[in-house]
Every structure is written in C-alpha cells, then in structure tokens.
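Presented below is the structure to which this report refers.
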Amino acid sequence: MEANIELDAGRKTFATGLLADLIAELRRSRPGDLLAVTSGEASVGAGLEAWCRFTGNSLVASSVESGRTRWVIRCGATPGNPDAQHALGSRLWLYTNFDCNLRCDYCCVRSSPSAPRRELGLARIQRIAGEAAHLGVREIFVTGGEPFLLVDIAGILSACAAAAPTTVLTNGMLFAGRQLDALRALPRDRVTLQISLDSPTPERHDRHRGPGAWASAWKGIERARGEGFRVRLAATVSSDAEAEEFRRFLDERQIGEPDRVIRRIALRGVATQGVALARADLMPEITITAEGVYWHPVGAEDADLLVTREIFPLAESFAAVRRAFEREREHANRLATIFNCA
Ligand code: SF4
C-alpha cells in the first residue's frame, strides 16, 4: 500500500522518542493521508495500535519484509460510516462467488473473469437462509463477483428471499438468455436489484469498468425495471464532486433516497486509491463467503477482517462476530480509562 509519508523509526520505540516523530509527521499530514512507519523493534506494533485507537487515527495495514514491519496509518477519522445505524446481525451478506465478467480497477475483492469462482453453493446458502430466519436477520444482501454468472442464481435468491427481503448486487450486464429467465423467476415483492452505475455518462464508469460497461448497465437497469423489479442505483465515487454530480443525475430522474447508494472507493482489493478502512472503522455486518465469516463486506477476503472459518452453526458464527465486536469496544474503553487525565 502506497503512503503519502514514510517514517523510518530506526531503533526508536514509544519509550525512546518515536511518539515525538509521529506527532511531527501528523502535523504535516492532511485528514485521510496515509502515514507509513517502518521498524524492526517488536514493541512498536502494539504501541502503534494503542496510540491509533486513542488518537482517532487508524492502523489500516501491516506487512513484514526482511525482518522489519511496515505499518500504514490513516490520519484522522474515517468519512461518515453510513452502515452505523444497522443493528449487528440484522443484515447478512453472502458472497456467492468471486468471479466476474468485469475487471473493475477498484474492486474491493479482486474479482475478474480470471478470479477463481470460490462458490458458496446452493446447499450451503439454503442452510444459511434457513438458520438466518431464526437469528433476527431482517435483510439479506447477495453479492460477488457477479452473482448472475451462476446457473443456480434463481434458486439461491429464492432461498434467501424466503428467509428475508433480499437485495442482489449486480453489474446488470447479463440479463439475457438463461440469466433473464433466472431474473423472471424471482419474487418481485421480496427481491431488489442493486445495479452499479458510477456516473451520469459513460466516460468515468467505463474508465473504471471497461468500454461499453455503462451502456450495458443502463440497458440492464431498464430491463429489470421493465420486468417489474425495484432497482436501486449504486455509484462508487472518488470525490465529493463526483457524488454531488451523481446526486443531481438521480434528482433529475426523481430517484429517491431509498433507491440510491453513493459510496467512496475503499482502499481494499485492487484499488490503488480510496478511503483506507480498518476494522475499527466499520460497524460489523456479518458477511459469509466460501472461506468463512468476515467482519464486513468491504474486505471479504482480507485476513484482518476474517472472524472465523466455521460458518455453521450460524448462531455460533454470529456469536463469534459479536464477541469480536465486544473485544473491540472493551479495548477502546480500556484505553479511554488508561489515558484519563483528570
Ligand atoms: S466491482 Fe463488482 S462488477 Fe467490478 S469486478 Fe468487482 S465484483 Fe465485478
């Protein structure tokens, strides 16, 4: 991960002057900048973690090379987290597969036509849906990769919809032939389509997603609406100006708040720019993939967001996420007590 500022700590630790260097570097940073700290001293990692939690900065990545560790810190608080209002466990995310017909340059899970499928599978999804119905799940989100690449996507979505209202995230480009038949088989009152459209005109969308992608997505949006589905438009943007431009586009078409999602590019997966997010920045939204249970969909293949490799029983994997969340909160509370100044 590239950083705006590199700090080689040499032999310094928090006990021998590293804190002063950190503060000096922070003073010349802007909110959202990435500060990398490299050290071979074993104690620096735990100290940085505690310092970040206390100061409102976030430790977003670490890597080891030639016996030295490089930590990357995002300066300042993360931009507002729109997920924070959802109760833990009320929304369940399923990654059906990781392959995709597109190769977007910011994909947070590295999906592409050549990515291994890593399928969750209909049988497991049926079991998840059955158990989720008794665990307080009020909404299911099905994502990938591109879910409509799967031949059994109609069965998958029907199983989810029987348990809770279901939204499927799709690039909307595959609604023809067999996939159109799959779409038509779905219950309109229980399934919403969330289709990606990054900009009002093709240029920016296609720059990230490939030539012709905007026109094809727009056709998919119209087709899904024509089939009687509720369609939510989701834009991934890299600045406030892009977000505002997309908002105007939606306003002109009288597309209301419930049917729009505008989010920033996350610095995860293949993205080289975007908002760097750490676990502590994200309210957990239980996310299940073929590889296990993750803290949040935005990093559903990243080791720092893996909670457990055991999916079943689902009640136990939900409990594991809750325990991890409690540990995060306890840690923050303990630091607040340790650093209490009066
Ligand atoms: S961002 Fe979505 S459409 Fe693009 S490669 Fe990733 S999964 Fe596919």
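For the stretch 267-290 and the stretch 77-152, what is the separation of their C-alpha centers, rounded to whole Å?
Computed from Cα coordinates, the inter-centre distance equals 13 Å.
Normalised by the residues of the chain, what does the relative contact order come to in percent, with Cα pairs under 8 Å and at least six apart? Show your work: numbers first, answer last.
Numbers: 642 pairs, mean separation 55.2, N = 342.
Relative contact order here is 16 percent.
Could I get the Rg over Rh figure for the chain? Both from C-alpha atoms, Rh via Kirkwood, rounded to two places.
Numbers: Rg = 21.4 Å, Rh = 21.5 Å.
Value, to two decimals: 1.00.
Counting other Cβ atoms within 10 Å, keep those with at most 11, restrict to DSSP loop, and tell me which GluC sites (Glu not before Pro) in the stretch 1-46 are left. Intermediate results must be reported in sequence, preceding the final value.
On the way: sites: E2, E6, E25, E41; in loops: E2, E41.
Passing both the DSSP loop test and the Cβ count: E2.
Sorted by accessible area with a 1.4 angstrom probe, largest first, how do S114, S239, S58, S66 fall?
Working: S114 80, S239 35, S58 10, S66 115 Å².
Result of the area sort, largest leading: S66, S114, S239, S58.
Sort E257, E146, E301, E119 by accessible area with a 1.4 Å probe, largest first. Mind showing how you got there, number by number?
Numbers: E257 125, E146 5, E301 45, E119 75 Å².
Output order, biggest surface exposure first: E257, E119, E301, E146.
Using a Gaussian network model of the chain with C-alpha springs under 10 Å, which one of R248, R184, R127 is most mobile by mean-square fluctuation?
Result: R248 has the largest fluctuation of those listed.
Using a simple spin-label model with points 7 Å from Cα along the Cα→Cβ vector, what separation in nm is obtained for R309 and L180?
4.4 nm
For S29, S317, give me the order by solvent-accessible area with a 1.4 Å probe, most accessible first, ignoring ligands, DNA and RNA. Display every interim value, and only then the final one.
Numbers: S29 25, S317 0 Å².
These residues rank, largest area first, as S29, S317.
To the nearest 20 debye, what is the magnitude of the charge dipole of the chain about its Cα centre, counting +1 on the Cβ of each Lys and Arg and -1 on the Cβ of each Asp and Glu?
Working: 43 positive and 43 negative charges, 65 e Å.
Roughly 320 debye for the chain.
Just read off the accessible area of S216 with the full protein assembly in place, 1.4 Å probe, to the nearest 10 Å².
Near enough 40 Å² of accessible area.
Could you work out how much longer the chain between A243 and A77 gets when fully extended? Use 0.36 nm per residue separation minus the Cα distance between them, nm to one decimal.
On the way: separation 166, 0.36 × 166 = 59.76 nm, distance 1.96 nm.
Contour length minus the Cα-Cα distance gives 57.8 nm.
What's the extension gain from T16 to R323 if we count 0.36 nm per residue and subtract their Cα-Cα distance?
Numbers: separation 307, 0.36 × 307 = 110.52 nm, distance 3.52 nm.
The span from T16 to R323 would gain 107.0 nm if fully extended.
Which percent of the Cα-Cα distances in the stretch 190-235 go past 14 Å? Spell out each step's value before the answer.
Numbers: 475 of 1035 pairs.
Pairs farther apart than 14 Å: 46 percent.
What relative contact order, as a whole-number percentage, does the stretch 1-125 give when Cα pairs under 8 Å and 6 or more residues apart are counted? Provide the component values of the computation, followed by the final result.
On the way: 169 pairs, mean separation 24.7, N = 125.
Reported relative contact order: 20 percent.
Checking the a/c ratio against 1.5 first, then a/b against b/c, what shape does the Cα gyration tensor give for the stretch 15-145? The partial results should precede the final answer.
Values: a/c = 2.49, a/b = 1.90, b/c = 1.31.
Prolate is the answer for the stretch 15-145, as a/c is 1.5 or above and a/b outweighs b/c.
Could you tell me what percent of the accessible area of the chain is made up of carbon and sulfur, with a 1.4 Å probe and every protein chain present? Kindly include the intermediate steps, with their values, before the conclusion.
Numbers: 8180 of 15800 Å².
Heavy-atom surface of the chain belonging to carbon and sulfur, 1.4 Å probe: 52 percent.
Does the stretch 163-292 classify as rounded, prolate or oblate by the C-alpha gyration tensor (a ≥ b ≥ c root eigenvalues; a/c under 1.5 gives rounded; else a/b over b/c gives prolate, otherwise oblate)? It would help to have the intermediate numbers written out before the result.
Details: a/c = 1.56, a/b = 1.18, b/c = 1.33.
Because a/c hits 1.5 or more and a/b fails to exceed b/c, the stretch 163-292 counts as oblate.
Under the classification rounded if a/c is under 1.5, otherwise prolate if a/b is larger than b/c and oblate if not, where does the stretch 64-223 fall, given a ≥ b ≥ c as square roots of the Cα gyration tensor eigenvalues? Let's see the in-between values first.
Values: a/c = 1.61, a/b = 1.16, b/c = 1.39.
Oblate shape, in that a/c is at least 1.5 and b/c is the bigger or equal ratio.
Can you work out the accessible area per residue across the chain, with the rest of the protein chains kept in place, probe 1.4 Å, in square angstrom?
Values: 15800 Å² over 342 residues.
The answer is 46 Å² per residue.
Sum -39500 (n - 2.57) across every DSSP H segment of at least 4 residues in the chain, then divide by the residue count to get the 222 nm mean residue ellipticity, nearest 500.
On the way: 9 runs with 112 residues, N = 342.
When only DSSP H runs of four or more count, the value is -10500 deg cm²/dmol.
With springs only between Cα atoms under 10 Å apart, run a GNM on the chain and tell me which of T55, T287, T236 wobbles the most.
Between T55, T287, T236, it is T55 that shows the largest mean-square fluctuation.
Express as a percent, rounded to the nearest 5, the fraction of DSSP beta bridges in the chain (both residues included) that run antiparallel.
Values: 18 of 49 bridges.
Bridges in the chain are about 35 percent antiparallel.
Taking the dipole about the Cα centre of the stretch 249-314, with the C-beta of Lys and Arg at +1 and of Asp and Glu at -1, give me whichever of V275, Y294, L306 is farthest to the positive side.
Result: V275, furthest along the dipole toward the positive end.
Using alpha carbon centroids, what distance separates the stretch 1-54 and the stretch 235-254, in Å?
36 Å
The values are calculated or read from the model by the stated rules, or taken from the named source; none is laboratory data. Owing to the predicted nature of the structure, the values given are computational and were not obtained by experimental measurement. With ideal geometry, Cβ positions are generated from the backbone for all residues, glycine too; neighbour counts draw on all protein chains shown. For the accessible areas, the whole protein counts, side chains as well, though only heavy atoms, and no ligand, DNA or RNA atoms are used. Shrake-Rupley method; radii C 1.70, N 1.55, O 1.52, S 1.80 Å.
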